[in-house]
Amino acid sequence: MRVMNKLLKNKLAVFGGVLIIITILIAVLGYLIMPDQSPNANEMHLEISTLPPGSEVSFLKIENGKSSTNDNFFYKWINGQESKYDYVPILEDSSKANVSQGGIIKRTYWLGTDRYGRDVLSRMILGTRVSLSVGLVSVIISMLVGVFLGAVAGYYGGKWDALISWLINVIWSLPSLLLVIAISFALGKGFWQVFIAIGLSMWVEVARLVRGQVMSLKEVEYVEAAKALGYHEFRIIFRHILPNILGPLLVMASANFASAILLEAGLSFLGFGAQPPVPTWGGMVKEHYGYIIMDAAYLAMIPGLAIMMLVYAFNIFSSGIRDAFDQKN
């Protein structure tokens, strides 16, 4: 309760937490709030490519004869659904089109369209799922591996500590992005391979933290009492030591979440992340960075700002958690 009260008094951390919650809600709702509900928001209209934000376009709505592949709500929520209609842009004098006439609709592209005529807003919304999913799965993998190896090294010491410390130092000496690319090459390009590659590159920081914390706590009185009572070593580690380092672990998890989002964006920019047509923020920057020197710089700036704001939110939130758990404040 004391930790929560201190966290709520930190306005910057609260702002970061609110921004994270809003992003999570957007990612969870996904297709339900997207203007383009086709799979991967991949409905293309090359005739209306690179429209500026706020543009309105009239479309002729034509039934294409395709039956719905799956009308299940949860399927559409997770995967989207192909439309039963084809939409043909009315380019000439579209502002004077009779919207009340059957078969003619008007769409507003609030964030404009990309080079392929796809709705940028829809792809940005779906991109939040990729960024948050990568962060979540990567943090879970890094925590499981790092906590286990760090606890073993810190508690048992000796040869186990020497072996794990050597492995940590080897992995630590490699640049994170190069390590992730190497793991991606070994696992192959794909959505889940990115999750695993990033998670396996981030466990060393967790292991170093847990190792040091366990080494400092394994000699305290309540741990010695647990040993005297004959408790199993794993019970002592996971029920008596690790719960007392929960604060630093939460800070590390939040910081790693931000790092995972940046790594995923970098991988997507280099072409090693989730493959097209899956929308990712890093991939959107890659597709349109050439437009920065043209009159459509927003195509690269919008996903770039989204990456920056989400990483900033996690960083200030992790700082708030660290300050809340600090006994000196």
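Quick notes
- Point-to-point label distance, Ile78-Glu219, nm (Cα→Cβ direction, 7 Å offset): 5.1 nm
- Within a Gaussian network of the chain (alpha carbon springs, distance under 10 Å), most fluctuating of Ser131, Ser55, Ser319: Ser55
- 27 Å Cα-Cα reach of Lys61 towards lysines, excluding residues that sit fewer than 8 places from it in its own chain: Lys76, Lys84, Lys96, Lys106
- For the range 275-287, Karplus couplings with θ = phi - 60° (6.51, -1.76, 1.60), whole Hz, Gly/Pro x: 8, x, x, 4, x, 10, 5, x, x, 5, 5, 4, 5
- Contact order, relative form, for the range 221-329: 27 percent (alpha carbon pairs under 8 Å, 6 or more residues apart, mean separation divided by residue count).
- Helical runs (DSSP H, four residues minimum) scored at -39500 (n - 2.57) apiece and divided by the length of the chain put the mean residue ellipticity at 222 nm at -19500 deg cm²/dmol.
- A convex hull fitted to the Cα coordinates of the range 19-74 yields 134 cubic angstrom per residue.
- Residues whose amide H lies under 5 Å from that of Ser55, counting only those 5 or more places away or on a different chain, are Tyr109, Gly112; hydrogens are built 1.01 Å from N in the peptide plane.
- Inter-label distance, nm, simple model (7 Å from Cα along the C-beta direction), Leu174/Leu229: 4.2 nm
- Note on the chain: Kirkwood hydrodynamic radius from all Cα pairs is 22.6 Å, rounded to one decimal.
- Scanning residues 5 or more positions from His45 or on other chains, those with amide H under 5 Å from its amide H are Gly117, Arg118, with H placed 1.01 Å from N in the peptide plane.
- Distant-in-sequence amide H partners of Ala297 (H built 1.01 Å from N, under 5 Å): none
- For the options Glu219, Glu82, Glu205, a Gaussian network treatment of the chain with springs between C-alpha atoms closer than 10 Å singles out Glu219 as fluctuating the most.
- Gaussian network model of the chain, Cα within-10 Å springs - most flexible of Pro175, Pro303, Pro248: Pro175
- Straight-line cross-link partners of Lys218 among the lysines, defined as a Cα under 24 Å from its Cα and at least 8 positions apart when in the same chain: Lys159, Lys227, Lys328.
- Residues in the range 45-51 carry Karplus couplings, in order, of 9, 4, 5, 10, 5, 6, 6 Hz; the curve used is 6.51 cos²θ - 1.76 cosθ + 1.60 with θ = phi - 60°, and Gly or Pro positions show x.
- Taken about its Cα centre, the chain carries a charge dipole of about 880 debye when Lys and Arg each add +1 at the Cβ and Asp and Glu each add -1 at the Cβ.
Each reported figure results from applying straightforward, stated rules to the coordinates on display, with no laboratory input. Every value quoted in this text rests on a predicted model; they were computed, and no experiment measured them. Reconstructed Cβ throughout: ideal geometry from the backbone, glycine too, with neighbour counts over all protein chains shown.
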